[in-house]
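Notes follow the structure.
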Amino acid sequence: MRSTHAQVSIDFMIAITILSFGIVLIITQIPMLFAPFHTISTDIHAVAYRTSMILAEDAGIYCENESITSAWETAGEPENRSRNFSFYRDKIANYLSNVRRIGLARNAPVWSSSEDAIPNNLSRRKIEALQDWWNDPVNKSRLRKKLGLLVSYNGKPVNYSFNISLKGFNNLLILNNSTNKPLLQIGYPIPRGATVERIERIVAIDDCENLSNCKGIGDNECCGILEICIWR
């Protein structure tokens, strides 16, 4: 008499069990395969965004004898066009060390707090000071720390490389016609094959004299793109 009940051999059941266990194990390990890449990408994105926020929305910090001001480009002194980065570097003791943070935002009017800034409205004086600092071969390595890109994790240093520039809306550099050089182009060449995070901020520049490749928007006569590229 023919049986109506199916039978499965013990060998087949063992094989199916092992196969199912293997599939489950592989599925649980897939996220770990991409974890290193995901961690680096997420980490760099956060650093790039933070750097763009500081540069575009913060005026910076200069601290001397417990006196804090955002006028880091002039060592806290009233703006004097006859003095530049080289003057403060050479004439003011510990000037470079007293610069605690570099921000490019324009200072708010005098009737407000000296630490207030106008977000996304950059000070040309600060931009030029940053460019001059980068052009200084002896001290440009100190910029990494001033930009918040030299940190430590579990007691080990983590160095982020950067490339920062000001561009027009046609993706070409904004030029200072008086020097025939870019108004702002600092940092290292972007490597091929590296994970690079790029942040772009539309910004205004408070003084557009002798500048080319910037465009007026609304009440702002000179606007462009602040481009920040970060990698490690």
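The values are calculated or read from the model by the stated rules, or taken from the named source; none is laboratory data. Fair warning: this is a prediction, and the values are worked out from it, not measured in the lab. FYI the Cβ positions are ideal-geometry reconstructions off the backbone, even for glycines, and counts take in every protein chain you see. When the accessible area is computed, the model is the full protein with side chains, heavy atoms only, and any ligands, DNA or RNA have been set aside. Shrake-Rupley method; radii C 1.70, N 1.55, O 1.52, S 1.80 Å.
Tabulated values for the structure
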read-out	value
Residue in the stretch 53-70 that is without any contact (Cβ under 8 Å) to a residue 24 or more places away in the chain, among the hydrophobic types (A, V, I, L, M, F, W, C) and open to solvent by 30 Å² or more (accessible area, probe 1.4 Å) present	yes
Top-ranked residue in the stretch 47-68 [being under 9 Å from the mean Cα position of the chain (by Cα) and among the aliphatic types (A, V, I, L, M); ranked as farthest from residue 120 (Cα to Cα)]	47
Filter pass, residue 187 being among the small types (Gly, Ala, Ser), within 19 Å of the chain's Cα centre (by Cα) and surrounded by 16 or more Cβ atoms within 10 Å (Cβ to Cβ)	yes
Given (1) surrounded by 13 or more Cβ atoms within 10 Å (Cβ to Cβ); (2) assigned to a loop (DSSP other than H, G, I, E, B), index of the condition residue 81 fails	(1)
Tally of residues being crowded, with 17+ Cβ neighbours inside 10 Å and within 27 Å of residue 148 (Cα to Cα) across the stretch 197-219	7
Scope the stretch 65-78; condition under 20 Å from residue 131 (Cβ atoms) and either not acidic (Asp, Glu) or not in a loop (DSSP other than H, G, I, E, B) (or both); matching residues	70, 71, 72, 73, 74, 75
